[in-house]
Amino acid sequence: MRTEHPIYGLMAEFDNPTDLVAAARRTYEEGYRRINGYSPFPIEELSEAIGFHHTRLPLLVLIGGIVGGLAGYLMQFYLSAIEYPLNVGGRPYHSWPSFIPITFETTILGAALTTVFGMLALNGLPQPYHPVFNAPRFALATRDRFFLAIEARDPLFDYEKTKQFMQTLEPREVFDVEA
Amino acid sequence: MKEVDEPHDDVGMHLTSPVIEPGHTFASVTDKISALALKRRTPIGWFIGFAISFALAQVLLLTIAYLVTTGIGIWGNNIPVGWAFDIINFVWWIGIGHAGTLISAILLLLRQEWRTSINRFAEAMTLFAVACAGLFPLLHTGRPWLAYWLFPYPNTMGMWPQFRSPLMWDVFAVSTYATVSALFWYVGLVPDLATLRDRAKSRVFQIVYGMAALGWRGSARHWHRYEVAYLLLAGLSTPLVLSVHTIVSFDFAVSQVPGWHATIFPPYFVAGAIYAGFAMVLTLTIPLRKFYGLEDFITMRHIRNMSKVMLATGLIVFYGYIMEAFFGWYSANEYEWYMIKNRMTGPYALYYWLLIICNGVIPQLLWSKRVRHNLALVFIISIVVSIGMWLERFIIIVTSLHRDFLVSSWGMYSPTIWDWSMFLGTIGLFFSLLFLFIRFLPIISIFEMRTILPEAEVEEEAAT
């Protein structure tokens, strides 16, 4: 039965990763695009099955690393050669070999901070509330169950038809997910 | 599930012992590991262990209070031995930390599946060891409340740090290492915190774990980016961990002190760090798997592999000792050669030979398969190695400094009770943090354990 409340989408529950990936592939082939899988561990095939192949994260990390490295080097150059020149045993003010270790560290730091905060930002985390948490038994998505969701926003989404289609995927059960 | 840790087990069988005992499912792995953090009753042994550690941590607080109000004169440091326990212990703790990063990053890149059940624990060890390490240079500054002077920030004195100094490199290396290790550890924890959130019965724990889990819901898109991020972090941590101990060794090698000014220092320090770190991981996991019944997850294969890594890095370290002695002679420099002779026959010779026995001789027992499968012996060897690595830093630092270039500047060093109380205190802090970690967080990465189960494979024929 359709619930009174507005609905986020429909969700099917599976027992194992193979069934979930198979179901996700069929759903994608059927033309649904606003779909997502939920699993207790990363499944490479699953993100491919729902048509998610590419993330910008590595590019961001590269930029973060370059920015970190440049910032580290230029900081040392500016402070040692321009702002606060100090003659240490007659060495040149711009003694670049001595600046490499810190440049290396700031490169790693810039890249690592970008990796973690970039990953969280692209994932939209932290996000304390999300409609999928309304699905019954969704707590098992962090234990041993596998879920496939089709959002109501999908252009092909039609409550009755989509629900019928999801039944053909041979799930354990299909739920309504309240928005 | 069969017992595998019987010493009289058939040795040949262990060659095929798995990284996880058969019969486990997603649910059983999840329930078993999360129960360690979620169960209501805390074992009595935990209270005893925590009480002892926490009492030692109070010794640390007492020492710091006395140190800060009096000054570092309460230590045995003097001139010529201006660097003593504080740097010995700093290097010792930092080195221990390195095994955690090695296990979590380098072994991940090398696709060593067995790392999965020990990486979380080893990373926690890294964090706590780095925290203990950081205390020593911080307090050695004498005025720790001004330690922020080490960082480049615009100030009214118009002064800036000296970037040509290895000590500045060290500040950046260690603070970057601490930051990246903490991030790596936390990122690894997020999916498991979500598991704890969903499995916790009490409202308080649901909220606390829920906040820490950042709303993780296992979405396939999230997992995809997560995996990319995790791999990138591993790739970044690998050169980082090698650079950290290299830079720590630069603190010594860039100086002109005989016994420190050696090109072999960076690789020899890095190998020593991994050696000490694996020894500490073994010291901690052998009792842990026993008391928490984790023999299914931390199998004999883990113990065996860690023993082998320890043996291999121990040989590199021992090679370093031989090369140090060789170059002391080959340099034909009287100060270098005197330093080696003084190490072997001088006032600290006892500690030098103890070091050779602890780090060079006793670990050779690990060549034997029987020894590697004897938990008690492996445990004892791991402690011997920890002592040996501590002695190594003592020898490098004290024997190199106490004979200055001029005979008139020679001196001796002996630690005071406050040196010892500070060292023991950090051990207390380390174990207190570790006990809290064992009680409240999943000590084994649950989601990674799920991935190594056979049922985690997607069967391609069925899926298409």
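The values are calculated or read from the model by the stated rules, or taken from the named source; none is laboratory data. It should be emphasised that the depicted structure is a prediction, and the values quoted were computed from it without experimental measurement. Every residue, glycine among them, receives a Cβ derived from its backbone with ideal geometry; neighbour counts consider all protein chains shown.
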Please go through (1) over 23 Å from B:LEU311 (Cβ atoms); (2) among the polar types (S, T, N, Q); (3) away from every other protein chain (no Cβ under 13 Å); (4) in contact (Cβ under 8 Å) with a residue 40 or more places away in the chain for B:SER243 and return the number of the only condition it doesn't satisfy. (3)
What helices (runs of 4 or more DSSP H) completely inside segment B:402-464 contain at least 2 residues that are within 14 Å of chain A (Cβ to nearest Cβ) and not hydrophobic (A, V, I, L, M, F, W, C)? B:446-451, B:460-463
In segment B:133-165, residue nearest to the other protein chains (Cβ to nearest Cβ) [restricted to those that are within 26 Å of the chain's Cα centre (by Cα) and among the polar types (S, T, N, Q)]: B:SER165
Selection within segment B:208-234 - within 9 Å of chain A (Cβ to nearest Cβ) and closer than 17 Å to B:THR179 by Cβ: B:ALA229, B:TYR230, B:LEU232, B:LEU233
Being under 23 Å from B:VAL174 (Cα atoms) and among the hydrophobic types (A, V, I, L, M, F, W, C): is that true of A:ILE82 here? no
Any residue at all in segment B:370-377 that is modelled with pLDDT under 95, basic (Lys, Arg), assigned to a helix (DSSP H, G or I) and closer than 30 Å to B:PRO191 by Cβ? no
Looking only at segment A:61-78, how many residues end up being surrounded by fewer than 20 Cβ atoms within 10 Å (Cβ to Cβ), farther than 11 Å from A:HIS94 by Cβ and at the interface with another protein chain (Cβ under 10 Å from one of its Cβ atoms)? 2
Can you tell me which residue within segment A:136-166, out of those that are of a type in the set (Asp, Glu) and touching a Phe, Trp or Tyr at 6+ places or on another chain (Cβ under 7 Å), is nearest to B:GLY210 (Cα to Cα)? A:ASP144
State the number of residues belonging to segment A:126-142 that are part of a loop (DSSP other than H, G, I, E, B) and buried (at least 21 other Cβ atoms within 10 Å of the Cβ). 1
Out of B:LEU56, B:LEU61, I need the residue that is crowded, with 18+ Cβ neighbours inside 10 Å, closer than 30 Å to B:TRP145 by Cα and modelled with pLDDT of 85 or more. Which one? B:LEU56
Contact list please: Cβ distance under 8 Å, first residue in segment A:146-162 and assigned by TED's automatic domain parsing to the domain that holds A:MET11, second residue part of a loop (DSSP other than H, G, I, E, B) and of a type in the set (Phe, Trp, Tyr), pairs at least six apart or on different chains. A:ILE150/A:TYR32; A:ILE150/A:PHE157; A:GLU151/A:PHE157; A:ASP154/A:TYR32; A:LEU156/A:TYR32; A:PHE157/A:TYR32; A:THR162/A:TYR32
Any hit, segment B:77-95, residues being touching a Leu at 6+ places or on another chain (Cβ under 6 Å) and within 27 Å of B:ALA147 (Cα to Cα): yes
Of those in segment B:21-46 that are crowded, with 20+ Cβ neighbours inside 10 Å and touching a helix residue (DSSP H, G or I) at 6+ places or on another chain (Cβ under 7 Å), the residue farthest from the other protein chains (Cβ to nearest Cβ) is B:ALA37
Restrict the check to segment B:203-217 and report whether at least one residue is more than 20 Å from A:THR107 (Cβ to Cβ) and of a type in the set (Lys, Arg). yes
Restricting attention to segment B:301-332, and to residues there that are among the charged types (D, E, K, R) and crowded, with 16+ Cβ neighbours inside 10 Å, which single residue is modelled with the lowest pLDDT? B:ARG301
For segment A:115-167, which positions are facing chain B (nearest Cβ under 9 Å), of a type outside the set (A, V, I, L, M, F, W, C) and at negative phi? A:THR115, A:GLY118, A:ASN123, A:PRO126, A:GLN127, A:PRO128, A:TYR129, A:HIS130, A:THR142, A:ARG143, A:ASP144, A:ARG145
Going through segment B:352-392 in order, the residues found to be buried (at least 17 other Cβ atoms within 10 Å of the Cβ), under 17 Å from B:ILE316 (Cα atoms) and of a type in the set (Phe, Trp, Tyr) are B:TRP390
Enumeration of residues in segment B:238-257 that are surrounded by fewer than 24 Cβ atoms within 10 Å (Cβ to Cβ) and either outside any helix (DSSP H, G or I) or not charged (D, E, K, R) (or both): B:THR238, B:PRO239, B:LEU242, B:SER243, B:THR246, B:PHE250, B:PHE252, B:ALA253, B:VAL254, B:SER255, B:GLN256, B:VAL257
Taking segment B:106-160 and keeping only residues that are of a type outside the set (A, V, I, L, M, F, W, C), touching a Phe, Trp or Tyr at 6+ places or on another chain (Cβ under 6 Å) and in contact (Cβ under 8 Å) with a residue 60 or more places away in the chain, one is left with B:SER117, B:GLU123
Where in segment A:1-78 are there helices (runs of 4 or more DSSP H), lying fully within it, with 3 or more residues that are closer than 30 Å to B:PHE151 by Cβ? A:57-77
Could we say that A:PHE157 is modelled with pLDDT of 85 or more and either farther than 30 Å from B:LEU236 by Cα or out of contact with any strand residue (DSSP E or B) (no Cβ under 6 Å at 6 or more places or on another chain) (or both) here? no
